[in-house]
Amino acid sequence: MRVGLGYDIHRLIGGKSFRLGGILIPCDKGPVGHSDGDCLYHAVTEALLGAAGLGDIGHYFPDTDARWKGADSAVFIRETVALLQKRGFQIGNIDANLLLESPRLSPHLEKMRGNLSELLAIPIERINLKARRGEGVDAVGKGDAVVCQVIALLTEK
Ligand code: MG
């Protein structure tokens, strides 16, 4: 068994649409990013690459590459899952913290789990998402950032 830790942070500014876990969520701010800025998908990708010992998201999907400009971040997960399959890894489970001050994410968590279940090709029961607020402190608490922390377990065939 192998574990990997994923982390991502995106600055939030006005006039941008907000996507998280593949869902467009009504919000007065959105993430600054080269791709669609989906913080959860980026952190999941990092956790999977980490568990497999394959480096990080910037190595495979650099933000200097025009191919990823405005990209649907689901592609990063799909390509990473294909890499893992090629190397004989299976995904055990995913657990994540989603840190955002507003809006509340709880109404969207089931849909996000469904999206991840499909992308990772694992049962939804193996995906756990926890939404937290920043209690008015730090960049999350002040509404200036979204942060996602993800841990992934892989098994080797
Ligand atoms: Mg990112």
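Amide H neighbours of Ile23 under 5 Å, at least 5 residues apart or on other chains, H built in the peptide plane: list them.
It is none; the list stays empty.
On the principal axes of its Cα set, how long, how wide and how thick is region 2-156? Give whole Å, largest value first.
Dimensions of region 2-156 along the principal axes of its Cα atoms: 42, 35, 24 Å.
Using a 1.4 Å probe over the heavy atoms of the protein chains, calculate the carbon and sulfur portion of the accessible area of region 1-91 as a whole percent.
Result for region 1-91: 52 percent of the exposed heavy-atom area is carbon or sulfur.
Which FRET efficiency, nearest 0.05, do Arg11 and Asn128 yield, Cβ-Cβ r, R0 22 Å?
Given R0 = 22 Å and the Cβ-Cβ separation, E is 0.25.
Using packing as a proxy for protection, rank 59-72, 129-142 so that the peptide with the highest average count of other Cβ atoms within 10 Å comes first.
Result, highest mean Cβ count within 10 Å first: 129-142, 59-72.
Can you work out the FRET efficiency for the pair Lys86 and Asp28, with r the C-beta to C-beta distance and R0 = 35 Å, to the nearest 0.05?
0.25
For helix 39-52, report the angle its Cα long axis makes with the longest principal axis of the Cα atoms of the chain; keep it between 0 and 90° and round to the nearest 10°.
30
Could you check the simple spin-label distance between Val3 and Glu79, using points 7 Å along Cα→Cβ, in nm with one decimal?
Rounded to a tenth, the inter-label distance reads 2.9 nm.
How far is the Cα center of region 1-74 from the Cα center of region 118-142, in Å?
Going from one Cα centre to the other spans 13 Å.
Taking the Cα centre as origin and putting +1 on Lys and Arg beta-carbons and -1 on Asp and Glu beta-carbons, what dipole magnitude results for region 2-156, to the nearest 20 debye? Don't skip to the answer; put the middle values down first.
Numbers: 18 positive and 19 negative charges, 33 e Å.
Charge dipole of region 2-156: 160 debye, to the nearest 20.
Shape call for region 1-46 from the C-alpha gyration tensor, a ≥ b ≥ c root eigenvalues: rounded (a/c under 1.5), prolate (a/b greater than b/c) or oblate?
Taking the square roots of the gyration eigenvalues as a ≥ b ≥ c, region 1-46 is prolate.
Please give the solvent-accessible surface of Asp56 in Å², to the nearest 10, using a probe radius of 1.4 Å with every protein chain present.
About 70 Å², ignoring ligands and nucleic acids.
Could you please report the charge total around Arg11, scoring K, R as +1 and D, E as -1 over all other residues with beta-carbon less than 15 angstrom from its beta-carbon?
-4
With everything on Cα atoms, drop me the angle between helix 74-86 and the longest principal axis of the chain, reported from 0 to 90° to the nearest 10.
20
The values are calculated or read from the model by the stated rules, or taken from the named source; none is laboratory data. Computed from a predicted model, the values in this text were never measured in an experiment. Note that we place each Cβ from the backbone using ideal geometry, even for glycine, and neighbour counts take in every protein chain shown. The area values use the complete protein model at the heavy-atom level, side chains included, leaving out ligands, DNA and RNA. Shrake-Rupley method; radii C 1.70, N 1.55, O 1.52, S 1.80 Å.
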